[in-house]
Amino acid sequence: MTDIRLSAAVAAALAGAEARVAAAIAAEVPADVRVSLDERGIALTGRDLSARSLTDARLRDFAGLVR
């Protein structure tokens with residue numbers, strides 16, 4: 001397994017880009033859906049999110065991005 005270490009500047013740039021994407025997604029999904037960042041990346045949480053993503057185009061589009 002290769003150990004990849006990013007410079008502090010690259011890591012900060014990637015974190016900033018991830019935060020901007022999360023903010024853009026949060027602005028588009030329904031208000032009761034929470035968009036958060038964790039160690040795995042961007043996460044969407046909310047009541048019955050899986051079922052709702054089948055009928056709500058906003059959730060369906062973003063669910064594919066964050067999987």
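The values are calculated or read from the model by the stated rules, or taken from the named source; none is laboratory data. None of the values given here were measured: they were computed from a predicted structure. Glycine gets a Cβ as well: all are built from the backbone with ideal geometry, and neighbour counts include every protein chain shown. The area values use the complete protein model at the heavy-atom level, side chains included, leaving out ligands, DNA and RNA. Shrake-Rupley method; radii C 1.70, N 1.55, O 1.52, S 1.80 Å.
Computed quantities for the displayed model
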read-out: All positions within region 41-64 that are part of a helix (DSSP H, G or I), open to solvent by less than 70 Å² (accessible area, probe 1.4 Å) and of a type in the set (D, E, K, R); value: ARG52
read-out: Selection count where residues are of a type outside the set (D, E, K, R) and over 10 Å from the mean Cα position of the chain (by Cα), scope region 24-38; value: 5
read-out: Residue tally, condition within 30 Å of ALA11 (Cβ to Cβ) and among the basic types (Lys, Arg), over region 29-57; value: 2
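Matching residues to (1) free of Cβ contacts under 8 Å to residues at least 40 places away in the same chain; (2) more than 17 Å from ASP61 (Cα to Cα); (3) of a type outside the set (Asp, Glu); (4) open to solvent by 100 Å² or more (accessible area, probe 1.4 Å):
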{"site": "ARG5", "(1), (2), (3), (4)": "yes, yes, yes, yes"}
{"site": "ALA12", "(1), (2), (3), (4)": "yes, yes, yes, no"}
{"site": "ALA19", "(1), (2), (3), (4)": "yes, yes, yes, no"}
{"site": "ALA26", "(1), (2), (3), (4)": "yes, no, yes, no"}
{"site": "GLU39", "(1), (2), (3), (4)": "yes, yes, no, yes"}
